[in-house]
Amino acid sequence: MALMAVAGPTVAGPWTQPQGRGEWIVKFEDMRADRGFDPDGALADLPAERRDTGLGVFAQYGVTDRLTLQVKGDWQSGEDAFIAYDGRGPLEIGLSWQVWRDERAAVSVYAGYADGGEGRNAGYAAPGVGDSDWELRAAVGRSFGGAFVDLQAARRLREGLSDETRFDATAGVHVSEDWMLLAQAFGGQADDDGARWLSLEASIVRDFDEWSLQAGWRQAVAGRETPASGGPVIALWRRF
């Protein structure tokens, strides 16, 4: 429980939920880009602005103290120079199992299945491209007093798109009892010399008892065959 108090809303990673406890998160993001990364990784102008807007829900529940059920999905809309779309994004369900934990650190593994939707099932693909996916993920986290670090690596096996390797990192620090600063990085690469991406996100989280409000900005900083998208991210958390 002390680790959960340190990690706050990011406990979805290495620290699984206690049995009978859980949380849900509603997140809004509005990503826009007028440039993109070409096959060599250089920035180039897009034919028109690209917009990708999403409203997503993530929920997790502690089946046991070491096994957590996770469900997530979103509704998307957007447009670029070639297409406008509106529809459900991928719907995913999975289980996270805590392999090891002590007073400051935790290690977990995750396995999940996702059903593709009418939205962008991958940021570099056209809307509706991609069917079902399997994801295997390992996460390790450690707390340092009022701060923590969470590192994750995943392999996503995809139907209709190239398989992917993903890496995520999160660092958080409590600046007071109710305020926390988060810095995150999301990166990955598709197989067969495909797309690459790296986005950075900075946000601030305010706790209100069982509720939390997060507000921040995400920006693509490197990639290949991906848009240089950036925009606000707003999330509402509720623990139960």
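A crude spin-label estimate for the pair Gln19 and Leu236, with each label 7 Å from Cα along the Cβ direction, gives 3.3 nm.
Please give me the summed charge of the neighbours of Ala139: other residues whose Cβ is under 9 Å from its Cβ, Lys and Arg +1, Asp and Glu -1.
Numbers: positive: Arg137; negative: Asp150, Asp168.
Combined, the nearby Lys, Arg, Asp and Glu give -1.
For the range 88-151, the normalised intensity computed at q = 0.18, 0.25, 0.29 Å⁻¹ comes to -0.73, -0.94, -1.11 (log10 of I(q)/I(0), Debye sum over alpha carbons, equal scatterers, no solvent).
Which three numbers, in whole Å and largest first, are the semi-axes of the equivalent ellipsoid of the chain derived from its Cα gyration tensor as √(5λ)?
Details: eigenvalues 179, 76, 58 Å².
Square roots of five times the eigenvalues give 30, 19, 17 Å.
Using only side-chain charges placed at the Cβ, +1 for Lys and Arg and -1 for Asp and Glu, the dipole size of the chain relative to its Cα centre rounds to 700 debye. Applying D = kT/(6 pi eta Rh) to the range 51-101, where Rh is the Kirkwood radius over alpha-carbon pairs, T corresponds to 37 °C and eta to 0.692 mPa s, the Stokes-Einstein value obtained is 253 µm²/s. Per residue of the chain, the DSSP helices (runs of n ≥ 4 H) give a summed -39500 (n - 2.57) that works out to -500 deg cm²/dmol at 222 nm.
Here the label points at Trp134 and Ala202, each 7 Å from Cα along the C-beta direction, are separated by 4.1 nm in the simple model.
Bear in mind that the values in this text are calculations on the coordinates, not laboratory data. Note that this is a predicted model, so its numbers are computed, not measured. Virtual Cβ from ideal backbone geometry, glycine too; neighbours counted across all protein chains shown.
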